[in-house]
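Student: Shown below is the structure under consideration.
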Amino acid sequence: MSGAATGRETALDDGWELVVGLEVHVELSTATKLFCACANRFGDEPNTNVCPVCLGLPGSLPVVNAAAVDFAMRLGRALGCEVRPAVFARKNYFYPDMPKDYQISQYDQPTNIDGRLKLPDGHVVGIERAHIEEDTGKTTHVGGGGRIHDADYALVDYNRAGVPLVEIVSRPDIRTAEQARAFVRELRAILLSIGVSDARMEEGSMRVDANVSVRPTGSDELRTRCEIKNLSSLRSLGRAITFEARRHVDLWSSGERPRQETRHWDEAGGRTTPGRSKEDAEDYRYFQDPDLVPLAPSAETVAAIDAALPPLPAARRAELVAAGAGAVPASDAALLVERDQDGLVLAAISAGADPGLTVTRVANDLAVEDWSKVTPDGLASLVALEASGRVTATQAKQILADIVESGETPEAISERRGFQAMAGHDLAVTVDQVIASNPDEWRRFCSGDDADRKKLAGFFIGQVMRATKGRADGAAVNRLLQQLTHGPTSD
Amino acid sequence: MTALGVAAAVASGERTARSVAEDCLDRIGEGDGEIGAFNLVLAEEALADADRVDAALDRGEPVGPLAGVPVALKDNLCTRGIPTTCSSRMLEGWRPPYSATVVERLRAAGAVIVGKTNLDEFAMGSSTENSAFGPTRNPRDTSRVPGGSSGGSAAAVAAGFAALALGSDTGGSIRQPAALCGVVGMKPTYGRVSRYGLIAFASSLDQIGPFGATVADAAACYQAIAGHDPLDSTSLDRPQEPVEGALADGVDGLRVGVLAELCGGGPRQETGRTGNDGPAAGGVEGVADDVLSRVQDAAEALEQAGADVRTVSVPSAVLGLSAYYLIAPAEASSNLARYDGVRYGLRVDAANAAEMNVATRTAGFGAEVKRRIMLGTYALSAGYYDAFYGKALRVRTLMLQEFAAVYEDVDVLLCPTAPTTAFELGAKTADPLLMYLNDVCTIPSNLTGHPAISVPFGRGDDGLPVGVQVMGPALSERLILKVAAALERAAPGDGNAP
Amino acid sequence: MSGRISRDEAAHVARLARLRFSDSELDELAAQLSAVLDHAADVEALDVSGIEPTSHPQPLTDVTRADEVRPSLARDEVLAQAPSVAEGQFRVPPILGEAP
Ligand SMILES: [Mg+2]
Ligand SMILES: [Zn+2]
């Protein structure tokens, strides 16, 4: 079958258009679960964060966590949704990871409806709804190589049962695999911006299902769709959509039709495999949960949420790009916003730091969990040291790493470590020594074409760096090399 | 001795709580073999509780209003570390890791819990014959049922095994057995008493309430358990007026409506304004003449005491039974899904988890529970929801509207509690629908969430107790208790105290 | 007997409810449920247009609690009630199907 296991996101055959809608489950980062006061915490010993309510013990009753509702409404407003009076319903089906054998969710009256999410490229994806529901427990299949069908038995841990989720359902407005990934990336950025979830796909706190179908380009029909589950990374999402779309095109093209079903993404095999058929879909017997009462947020409540909503990622990226006056690439801006470092960078820039260099240093060298000791002033001083040539780039990186650890000033660190960029006569001597030790490379450098020269310049800079233990400025070495072959350059 | 009598004697030092508990346990030991009111007698725990009360009194510490009063709990109320079965094989041996809010409140009031009482399995029934552990018998006549589903609690109070008992009332499960056993039983306003720790049957209808030999006892028990509970989202956070002070007040000038549809007929000619201008509906069928006569007597007694009595109509009341038998099983089908063999209670093993669920549920539930799960699953399933469950919810709205209208004209309503006096064991077990008809007069208060009380008033032709029911609008506990107390004072002859 | 519910329908409902019955039990149940639904014909026949459903007797809204952690149960106490336990977890026979 074409497209299988290639991992490429090739365009569909001429004449076919991809139609994708996403369903994203996001765990809210509240302190407690949705309906009980157990800790909402990932990674604890199994069944230690459980109580009568989240175990579904007879006689227990749910009480809604105010913060979960607040978080959900915040997300709704960030997605431009209308926040509505809402009702909790029971979705009835049996599964061992579900303590009550029904899931409390919102059905026909969800908290958020009718929103939109604008991708960085300007494409707008409609949001049908974003509703509140509870998570299930976690099942481990034991024996049989961990595969569900061959397992000897299963173990259930209910620590995750009852953790608050928001399920975001997009409209089928996504047309490429790249858009699907951009949607998830942007949603994640929003979730982080408004502080309602840590949105980690690899830990399962953000889970994406994709509804995929294809149609002849230009038509507005909606053909049979398949729901792909088990997409645990952006890479999987893109590959799975591409594979599934090609599968549909192949089926339609050969006169067959896809079956409406759930399919699973097999990351190793690079393909989707059939799961439960939607034709024998469960009858969930939804009805209003009589143990809970409706939510009826007032206009004042919604207005207060709007007023307290922090700037969203798109605005933050724009601000950063604007502050950089052309020196800040969009990709770096997105990265800094994702890491919540845009505020630091903006403050450093307004303290006088060079925008381009500040962004480069932070984007490349501040990918750490805890950067709380890095102050705008410290960052600005560091960038000033580097920009003026008083420390080399390598030294600047070391200083930044030291600031993360100790919070000292760049000047103090530079002093303590004896940093100063090697320049002038000392540097020229070292370059001469390196050239003398590598005569073959030097000959090729002098006689080679541009590509060779570039490659060998890198080689010589590396050798000089090694000899000076990183105290040389790479740019200065390069200038010396050029001078030695061609005479002084113009800059 | 009444519960309040015990509390006064214990508080004054006239008796020790221990001697009260010992007497009570003796009576249970002598009599419960025949009655079968208890699933579990908590002898050691009761004596320990009693000793704690006595010790507190010795230290001069304050004790609660129910100090030393022996109380029996329906076995669908969770008691930490103490088996709680719902009279089902499904939960046999289960020891909850927590206690119901009402249990905590009773303990805080100084009560001594003497045991867990029998019920129809998961509170589904009207005779306590659906218990997996055998039926309870009516202490007034052991060939008869005690009513249900709280038959064990009603029988325990009627037999003098406990001064007070708690039951739960989803469609009449406190009031009907109270009537059949000749004791007082009250279903409070929905939300007045926390449901936390009450094993759910139908969540929008279930309400815990007291049994007592007298109205004053029931009132004191209600007072001890009522009040807002943050663990129950449906619990009302509303001020609680003390009820006991009202009991001696007369009913002079009070407007009492005899509810025509539940008293054997539609609206009568001599009615005052009826609650509805629509065409007169028929009344419910099957209410026995002797029961109707006692309700008539009760109405006259209230009139004698100065009340303004008239007949009123709530046409939708006759729809209650049908609506109830769609709504309650629907909720139950979902509430009882959790009994799947995974986390607690019975498991019947099988090759895979789904088969294990089926085997466990098939073995663990009795016939009536399965019947209601089936009915409720059907009523909620795709294609039938609108015709049945959805319509039943609209009937509920209609009833709320019509009751609201009639409560503009009258303060309380009067009607029978149960259509007949206690019937023979086995008389109705073959025909589920016949059994369901027992609840026809009690169901409306569950659907509306209004409070209602059953108080003994005379006897039927067979010499067995008849209960009359006083219903009131939401939060009118004080009012209906006052009317019930007036009826108790006016009740004929030999009295009904055990 | 009205036969509102067939044996097949009863069997379908039993599957949804995870209960098993013999054919004769299914027939008896179908008849009993049909009788209850016949009784409910008064509700079924009612014209309720314009009447909103009432799911709940009390018109409460927005009952919530503060997001504050309280102690959970001790795991030993929880697992002591379980039919089968391994590695601090609830043990069940193999689960064949995936969750919906
Ligand atoms: Mg969902
Ligand atoms: Zn919990």
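The values are calculated or read from the model by the stated rules, or taken from the named source; none is laboratory data. Keep in mind the model is a prediction, meaning the values are calculated, not measured. Cβ placement follows ideal geometry from the backbone for every residue including glycine, while neighbour counts extend to all protein chains displayed. These accessible areas exclude ligands, DNA and RNA; they are computed on the full protein's heavy atoms, side chains included. Shrake-Rupley method; radii C 1.70, N 1.55, O 1.52, S 1.80 Å.
Student: Could you list, in sequence order, the residues of region A:96-110 that are within 16 Å of ligand 2 (Cβ to nearest atom) and among the polar types (S, T, N, Q)?
Tutor: Of everything in region A:96-110, just one residue is within 16 Å of ligand 2 (Cβ to nearest atom) and among the polar types (S, T, N, Q), namely A:Q103.
Student: Another one. Confirm whether A:A303 is more than 14 Å from chain B (Cβ to nearest Cβ), assigned to a helix (DSSP H, G or I), open to solvent by 60 Å² or more (accessible area, probe 1.4 Å) and within 30 Å of A:N65 (Cβ to Cβ).
Tutor: The answer is no for A:A303.
Student: Looking at C:V92, C:V43 in this structure, which one is closer than 30 Å to A:R276 by Cβ, within 8 Å of another protein chain (Cβ to nearest Cβ), buried (at least 20 other Cβ atoms within 10 Å of the Cβ) and under 25 Å from the mean Cα position of the chain (by Cα)?
Tutor: C:V92
Student: Just the residues that are within 29 Å of the chain's Cα centre (by Cα), among the hydrophobic types (A, V, I, L, M, F, W, C) and not in a loop (DSSP other than H, G, I, E, B), please, taken from region A:78-111.
Tutor: Hits for region A:78-111 are A:A78, A:V83, A:I104.
Student: Which of the residues belonging to region A:324-348 are open to solvent by 30 Å² or more (accessible area, probe 1.4 Å) and more than 18 Å from A:P120 (Cα to Cα)?
Tutor: The answer is A:A325, A:A327, A:G343, A:L346, A:A347.
Student: Hey, does region A:140-154 have a residue that's aliphatic (A, V, I, L, M), assigned by TED's automatic domain parsing to the domain that holds A:E23 and either at pLDDT 95 or above or within 16 Å of ligand 1 (Cβ to nearest atom) (or both)?
Tutor: Looking through region A:140-154, at least one residue is aliphatic (A, V, I, L, M), assigned by TED's automatic domain parsing to the domain that holds A:E23 and either at pLDDT 95 or above or within 16 Å of ligand 1 (Cβ to nearest atom) (or both).
Student: Out of (1) closer than 29 Å to C:V92 by Cα; (2) modelled with pLDDT under 95, the odd one out for A:N47 is which?
Tutor: Just one mismatch for A:N47, condition (2).
Student: Report the residue count in region A:354-378 for those that are surrounded by 20 or more Cβ atoms within 10 Å (Cβ to Cβ), closer than 23 Å to A:P311 by Cα and more than 24 Å from the chain's Cα centre (by Cα).
Tutor: So the count comes out to 1.
Student: Here is a list: A:A304, A:A296, A:A330. Which entry is out of contact with any helix residue (DSSP H, G or I) (no Cβ under 6 Å at 6 or more places or on another chain) and without any contact (Cβ under 8 Å) to a residue 24 or more places away in the chain?
Tutor: A:A304
Student: Residues of region B:2-19 being open to solvent by less than 60 Å² (accessible area, probe 1.4 Å) and of a type in the set (S, T, Y), which ones?
Tutor: B:T2, B:S19
Student: Which residue pairs have Cβ atoms under 7 Å apart, sit 6 or more places apart or on different chains, and have a first residue in region C:56-71 that is within 7 Å of another protein chain (Cβ to nearest Cβ) and a second that is open to solvent by 70 Å² or more (accessible area, probe 1.4 Å) and assigned to a loop (DSSP other than H, G, I, E, B)?
Tutor: Note: pairs meeting the criteria are C:R65/B:P230.
Student: Next question, about the same structure. Checking A:A68 against (1) within 16 Å of ligand 2 (Cβ to nearest atom); (2) within 7 Å of another protein chain (Cβ to nearest Cβ), only one condition comes out false. Which one?
Tutor: Of the numbered conditions (1) within 16 Å of ligand 2 (Cβ to nearest atom); (2) within 7 Å of another protein chain (Cβ to nearest Cβ), the odd one out for A:A68 is (2).
Student: Out of (1) within 16 Å of ligand 1 (Cβ to nearest atom); (2) more than 14 Å from every other protein chain (Cβ to nearest Cβ), what's the single condition that is false for A:V124?
Tutor: So A:V124 meets the others, but not (1).
Student: Now, a different point. Looking at region A:257-291, which of its residues are at pLDDT 95 or above and of a type in the set (D, E)?
Tutor: If the condition is that a residue be at pLDDT 95 or above and of a type in the set (D, E), then A:D289, A:D291 are the ones that fit.
Student: Show the residue pairs that are 6+ apart or on different chains and have beta-carbon atoms under 8 Å apart, the first residue being within region A:18-38 and within 17 Å of A:R188 (Cβ to Cβ) and assigned to a strand (DSSP E or B), the second being within 16 Å of ligand 2 (Cβ to nearest atom) and of a type in the set (V, I, T).
Tutor: Short answer, once both residue conditions are applied: A:E27/A:V163.
Student: So, one more: Condition first: crowded, with 24+ Cβ neighbours inside 10 Å, more than 10 Å from chain A (Cβ to nearest Cβ) and at pLDDT 95 or above. Can you find one or more residues in region B:329-350 that meet it?
Tutor: yes
Student: I need a count of the residues in region B:350-372 that are assigned to a loop (DSSP other than H, G, I, E, B) and farther than 12 Å from B:L336 by Cα.
Tutor: 4
Student: Can I ask one more? Scan the helices (runs of 4 or more DSSP H) fully inside region A:392-491 and keep the ones with 1 or more residues being within 30 Å of A:D370 (Cβ to Cβ).
Tutor: Qualifying helices (runs of 4 or more DSSP H): A:393-406, A:410-416, A:450-467, A:474-486.
Student: Pick from region A:143-167 the residues that are more than 16 Å from ligand 2 (Cβ to nearest atom), within 12 Å of chain C (Cβ to nearest Cβ) and buried (at least 16 other Cβ atoms within 10 Å of the Cβ): which of them is farthest from B:V342 (Cα to Cα)?
Tutor: Ranking the qualifying residues of region A:143-167, first place goes to A:A151.
Student: Give the residues of region B:80-101 that are crowded, with 24+ Cβ neighbours inside 10 Å, at the interface with another protein chain (Cβ under 9 Å from one of its Cβ atoms) and touching a helix residue (DSSP H, G or I) at 6+ places or on another chain (Cβ under 9 Å), sorted by residue number.
Tutor: Result: B:T84, B:C86, B:L91.
Student: Could you check how many residues of region A:19-36 are closer than 18 Å to B:R195 by Cβ and open to solvent by 20 Å² or more (accessible area, probe 1.4 Å)?
Tutor: So the answer is 0.
Student: On to the next question. Just checking, which of B:A379, B:A363 is small (G, A, S) and within 14 Å of chain A (Cβ to nearest Cβ)?
Tutor: B:A379
Student: Continuing with this model, one more query. For the structure I just gave you, tell me whether A:G137 is free of Cβ contacts under 8 Å to residues at least 12 places away in the same chain and either within 14 Å of another protein chain (Cβ to nearest Cβ) or within 16 Å of ligand 2 (Cβ to nearest atom) (or both).
Tutor: no
Student: Can we say B:V369 is more than 7 Å from chain C (Cβ to nearest Cβ) and under 20 Å from B:G172 (Cβ atoms)?
Tutor: yes
Student: Okay, moving on. Being away from ligand 2 (no atom under 12 Å from the Cβ) and either more than 7 Å from every other protein chain (Cβ to nearest Cβ) or crowded, with 24+ Cβ neighbours inside 10 Å (or both) is the filter here; which residues of region A:42-65 pass it?
Tutor: Scanning region A:42-65 gives A:F42, A:G43, A:D44, A:P58.
Student: Can you name the number of the only condition in (1) closer than 29 Å to A:L61 by Cβ; (2) surrounded by fewer than 24 Cβ atoms within 10 Å (Cβ to Cβ) that B:D308 fails?
Tutor: (1)
Student: Return the only residue of A:I113, A:I132 being within 21 Å of A:R41 (Cβ to Cβ), more than 16 Å from ligand 2 (Cβ to nearest atom) and in the same structural domain as A:D289 (by TED's automatic domain parsing).
Tutor: Testing whether each residue is within 21 Å of A:R41 (Cβ to Cβ), more than 16 Å from ligand 2 (Cβ to nearest atom) and in the same structural domain as A:D289 (by TED's automatic domain parsing) leaves just A:I132.
Student: State which residue pairs qualify: first residue more than 21 Å from B:V215 (Cα to Cα) and inside region B:249-260, second residue buried (at least 24 other Cβ atoms within 10 Å of the Cβ) and not β-branched (V, I, T) in any location, beta carbons under 7 Å apart, and separation of 6 or more residues or different chains.
Tutor: Close Cβ pairs (under 7 Å, with a partner that is buried (at least 24 other Cβ atoms within 10 Å of the Cβ) and not β-branched (V, I, T)) amount to B:L259/B:A317; B:L259/B:L413; B:L259/B:L414; B:L259/B:C415; B:A260/B:S313.
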